[in-house]
Every structure is written in structure tokens, then in C-alpha cells.
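Input: a single structure, listed below in C-alpha cells.
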Amino acid sequence: NSKEYFKLLILRNPFKRLVSAYLDKIAKHKVPEQFAQDVITEIQQSLGLEKDIEKSVTFSQFVNYIVDKNDEDLNDHWRPQNNFIGSVKFDLVGQFENLQQVIEQIREKFGIDIRKKVSNHVTHYKEARELSNCQDMYPCDLRQLGGMPTPFQMYSPHLKSLVRARYIEDFNVYRDYFDIDAEV
């Protein structure tokens, strides 16, 4: 909390963050990174399924895994954001969904340009009205779509309620900072 440092926090809509993590770390890859393979294996074992990394797990299966885990047992990509905030008093809190606005605020305050492309982990979405029940599609099928489903297409009402309950503190923090409720 030293005034010597400028402290920046970027919060992401919890619904969109979870879909993004699932798509980027699990669904987009035939053979994901080892930590994601471990999660896939654990989910498949808990469901009595044979290990099949390439088939992987559905978003519904993934959400049910997340719901049953303690925060400290979750990978950082899907651990609640409030776990990382602590008691820090931030100088600027921005929305990931409005990242350009945050970049402009930093540019104005410090006179520095920030690269707009900060990651190679970009998910290309395919918004197709005919897509439904994407939450129950396996990644091998999702990869055949020519683009990943949007976050809206990944949530059933039941999954929305599970995620809202699991990440309730993140939803509260998001609402407190931005005075809006996070929706898909």
C-alpha cells in the first residue's frame, strides 16, 4: 500500500473470464498444457470416464469441477479474482472489457504508450445463432466450428446460477467497483 507505487487492478466479468479460461487453456488445444491435462484427467476420473485428453471435458463438466473445489486448489486462471486483491488500495481499477479506456487513462497519467496486443492468447469467437447447448459439447467438436462459441452460448441458466454462486465475491467486487452487475 505504499504511495511510492502506482497500483493497477484489471477486473474481468467472472462469467466471461471462466469461459475464456476454459476455451484458451482446455478447449482450443488437442493437447493442452500439463496443468490443464491434469484437470481434464481429474474430471474424467471423478465421472468414471476413461482418460482421453484429446476428447477432453465439456464446459458443464468443467464448471461442476470448479464448484466442488476450494479456491486454493484451483489454477490461477480460474481461481476467483478476489483471491489476488487482498487489502491493496488500488490507484486505478479498470474493466478488462473496457481495456482501451484503461490504456488511455494510463497514457494520460504517465505519458506512456502501451502495446495494445498484450497476449497471443486470443480466442476467435463464432457467433452463430444455430449453436445451442455448447456447454455440453466436447472440445473436439467445438474446434470443428471454425471459431469458439461466445460466452453467452456457453451458459445454460443452471450453469449461470452455479457460476454466480461459486464466484459471488468476484461478482460483488465487480459490482462495487463498476456499479453494474456482470452478465453474460
Contacts under 9 angstrom Cβ, first residue in the range 93-114 being free of Cβ contacts under 8 Å to residues at least 60 places away in the same chain, partner of a type in the set (Lys, Arg), 6 or more apart: GLN100/LYS116; ILE103/LYS116; ASP113/ARG107; ILE114/ARG107
One residue is enough: does the range 2-20 have a residue meeting the conditions in a helix (DSSP H, G or I), under 25 Å from ASP179 (Cβ atoms) and small (Gly, Ala, Ser)? yes
Condition (residue is within 18 Å of TYR177 (Cβ to Cβ), in contact (Cβ under 8 Å) with a residue 40 or more places away in the chain and open to solvent by 10 Å² or more (accessible area, probe 1.4 Å)) applied to the range 75-82: is it met by at least one residue? yes
Determine which single condition LYS55 fails, assuming it passes every other condition in (1) surrounded by 18 or more Cβ atoms within 10 Å (Cβ to Cβ); (2) closer than 21 Å to THR150 by Cα; (3) touching a Phe, Trp or Tyr at 6+ places or on another chain (Cβ under 6 Å). (1)
Among the residues that make up the range 36-52, is at least one of them surrounded by 15 or more Cβ atoms within 10 Å (Cβ to Cβ), under 16 Å from the mean Cα position of the chain (by Cα) and closer than 20 Å to LEU162 by Cβ? yes
Is it true that some residue in the range 151-167 is open to solvent by 40 Å² or more (accessible area, probe 1.4 Å) and part of a loop (DSSP other than H, G, I, E, B)? no
Note: among LYS28, LYS16, just one is crowded, with 18+ Cβ neighbours inside 10 Å and among the basic types (Lys, Arg), namely LYS16
Check on TYR155, within 22 Å of ARG79 (Cα to Cα) and in contact with an Asp or Glu (Cβ under 9 Å, 6 or more places away or on another chain): no
Select, from VAL57, VAL31, the only residue that is of a type in the set (A, V, I, L, M, F, W, C) and closer than 25 Å to SER156 by Cβ. VAL57
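The values are calculated or read from the model by the stated rules, or taken from the named source; none is laboratory data. Keep in mind that this is a model prediction, so the values were computed, not measured. Note: ideal-geometry Cβ built from the backbone for every residue, glycine included; neighbour counts use all protein chains shown. Surface areas here come from the heavy atoms of the whole protein model, side chains and all, with no ligands, DNA or RNA. Shrake-Rupley method; radii C 1.70, N 1.55, O 1.52, S 1.80 Å.
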